[in-house]
Amino acid sequence: MSVRSGILALLTLGPAYGLQLHTELETRTARAQGINVGQIYSTLNRLTDAGLVVQVARDAANQLPRYSLSAAGLAEANSWIAGCGSGKPDWNEMVEHVLLVATLPGVDPEPLIADYNAAWGALQQSSGSDAHSAGDGVARASENADQLLASVALGWLNDLRTSILGQDIQPHPLSSERPRRGRRPHQMS
């Protein structure tokens, strides 16, 4: 999942400041690799330059600069929230994408899950024909890996549906917890 897309999706929940977006992205996606806070701010600058994000009034309590979506930013965010795009799906991107969307209040993650389900199903069904007839061991091994990954992805998506229905994963608004200067909010484990 790109930081750009994640920021746009989070801003559909309302204005936010940079460190807040950083914490939300890491918490909602359970990212294995952390995100550099500087990357958040440089991405916000690029999004502002592109006209997708605007700076809004600072929050009254802390006087932090906050960002909000422009109409074009909202359209791009909604497009990303709704589908996985075309081409071969990527495992890590899918996991972060679906987990983030599943935590957005007022958003039904089912269309996105169905889109990924179709993409992985198509990959699973398309594997096996050319490499086996060509006798290329490397191509065959690559297709076997694709089929296995597609099978695992389809199983994970099915389990995720169950978790969402069982409310193990719930939508929630942006956190309003403000860290002390130089400190991140305390994370509950």
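The values are calculated or read from the model by the stated rules, or taken from the named source; none is laboratory data. This is a predicted model, so every value here is computed, not measured. Here the Cβ is made from the backbone with ideal geometry for all residues, glycine too, and neighbour counts use every protein chain on show. Accessible surface is based on the protein model in full, side chains and every heavy atom, while ligands, DNA and RNA are left aside. Shrake-Rupley method; radii C 1.70, N 1.55, O 1.52, S 1.80 Å.
Can you report the number of residues in the stretch 163-189 which are modelled with pLDDT of 90 or more and of a type outside the set (Gly, Ala, Ser)? Of the residues in that region, 10 qualify.
Having 3 or more residues that are at pLDDT below 95 and β-branched (Val, Ile, Thr) is the bar; report the helices (runs of 4 or more DSSP H) wholly within the stretch 1-70 that clear it. Let's see the steps before the verdict.
Values: elements: 3-11, 18-29, 37-49.
Helices (runs of 4 or more DSSP H) meeting the threshold: 18-29.
For residues that are farther than 20 Å from ALA118 by Cβ and outside any helix (DSSP H, G or I), scanning just the stretch 128-162, find the one that is modelled with the lowest pLDDT. Filtering first and then ranking leaves GLY135. Within the stretch 164-177, residues that are of a type in the set (Ser, Thr, Tyr) have Cβ atoms under 9 Å from residues that are at pLDDT below 90 in these pairs: SER175/PRO185, counting only partners at least 6 apart in sequence or on another chain. Within the stretch 97-126, how many residues are open to solvent by less than 70 Å² (accessible area, probe 1.4 Å) and without any contact (Cβ under 8 Å) to a residue 24 or more places away in the chain? Of the residues in that region, 3 qualify.
Taking only the stretch 43-70 into account, find how many residues are within 21 Å of LEU100 (Cα to Cα) and without any contact (Cβ under 8 Å) to a residue 24 or more places away in the chain.
Narrowing the stretch 43-70 to residues within 21 Å of LEU100 (Cα to Cα): 43-44, 47, 52-53, 66-70.
With the extra rule that they be without any contact (Cβ under 8 Å) to a residue 24 or more places away in the chain, the set shrinks to 70.
Number of matching residues: 1.
Residues in the stretch 16-55 that are open to solvent by 40 Å² or more (accessible area, probe 1.4 Å) and closer than 24 Å to LEU112 by Cα: 6 in all. Filter the stretch 65-96 down to residues that are under 16 Å from LEU13 (Cα atoms) and within 14 Å of the chain's Cα centre (by Cα) and give me whichever is least open to solvent (accessible area, probe 1.4 Å). Within the stretch 65-96, the match that is least open to solvent (accessible area, probe 1.4 Å) is ALA77. If you check ALA122 against the conditions, is it of a type in the set (A, V, I, L, M), at pLDDT 90 or above and over 30 Å from HIS22 (Cβ atoms)? So ALA122 fits the description; yes.
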